[in-house]
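One structure is given here, and the rest of the page talks about it.
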Amino acid sequence: MRLATIRSTEGTFAARVETETTAVTIDGYANVGDLLQQENWAEIAEQASGETVEFAKTDLEAVVPAPKKIVCVGLNYANHIKEMGRNLPTHPTLFVKYPEALTGPYDDVLVPDYANGELDWEGELAVIIGKRARRVKAADAAEYIAGYAVMNDYTMRDYQYRTLQWHQGKSFEKSAGFGPWMTTRDSYEFGGELATYLEGEKMQTTPTDDLVFGPEALIEYISHIYPLDAGDVIVTGTPGGVGHARDPKRYIGDGETVTIEIDGLGSIANKTVFE
């Protein structure tokens with residue numbers, strides 16, 4: 001099952017995606033995040049019999065527009081860790097992204113002139129939590145996963161490396177495309193290819209099972225620090241092939257589009273617009 005947050009002239013609504021351009025409204029819920037607050041959210045979505053609507057890609061909003069927490073994981077793909085000249089970690093590297101950083105999966109990303117010098121792409125698998133998780137064991141963690149989506153962890157490298165804290169280069173307003181929808185856990189087979197394209201040229205490619213810490217291990221680790229709530233998002237890290245690690249370095253230019261595809265989850269595409 002695929003669930004989306006779709007824009008309309010009257011706001012947004014949660015919907016069950018039927019085809020690439022049609023969906024059934026889930027009446028009473030403004031977005032997928034609201035729906036996930038219900039313990040029986042999957043049953044509600046499966047049984048929804050609202051209006052069948054058509055939508056364009058640009059009608060899609062960030063699938064969970066305002067999660068309470070967005071927890072990002074750095075240096076979590078083995079090939080990316082090696083290209084950055086680091087050793088494999090023994091514990092996850094965590095940082096946060098605020099909800100204001102999220103934008104629709106096909107929205108333009110507007111970049112201010114003071115932050116457009118070292119723009120980089122980072123295609124990532126996002127895990128969406130389906131119920132409150134506190135001190136969960138990895139062996140039990142799968143049942144806390146509502147589903148998966150695609151995230152564009154758009155990065156301003158010059159801001160990121162001003163200090164030892166990465167957050168400031170990772171949370172610019174409306175810089176992270178998120179979607180196109182949530183594919184529920186029972187409809188997704190982990191391990192397919194994650195690929196990132198800049199203007200159609202493949203820049204990143206790896207199977208998602210190259211993760212050092214998989215979704216279950218991350219839920220265990222994070223939920224022993226603070227609880228994860230329904231609708232919270234874990235952004236699991238990016239594979240090798242980022243522009244900052246290339247020789248010579250390569251960054252995103254004005255008007256260039258970053259497209260990210262994950263087998264079984266779909267694709268997102270954000271055009272870069274310098275303000």
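The values are calculated or read from the model by the stated rules, or taken from the named source; none is laboratory data. On a predicted model such as this, the values are computed, not experimentally measured, just so you know. When we count neighbours, we look across all protein chains shown, and the Cβ atoms used for this are built from the backbone with ideal geometry, even at glycine.
General observations
- Any hit, the range 151-158, residues being in contact (Cβ under 8 Å) with a residue 24 or more places away in the chain and either polar (S, T, N, Q) or farther than 25 Å from N79 by Cβ (or both): yes
- Pick from the range 233-262, criterion within 19 Å of L60 (Cα to Cα) and either assigned to a loop (DSSP other than H, G, I, E, B) or not aliphatic (A, V, I, L, M) (or both), ranking: farthest from the chain's Cα centre (by Cα): T257
- Which numbered condition I219 misses (of (1) among the hydrophobic types (A, V, I, L, M, F, W, C); (2) assigned to a loop (DSSP other than H, G, I, E, B); (3) in contact with a helix residue (DSSP H, G or I) (Cβ under 8 Å, 6 or more places away or on another chain); (4) at pLDDT 95 or above): (2)
- Unique residue being under 30 Å from E43 (Cβ atoms), hydroxyl-bearing (S, T, Y) and in contact (Cβ under 8 Å) with a residue 24 or more places away in the chain when the list is Y188, Y251, Y197: Y188
- If the condition is being touching a His at 6+ places or on another chain (Cβ under 8 Å) and over 19 Å from V96 (Cα atoms), then the range 207-240 contributes only G240.
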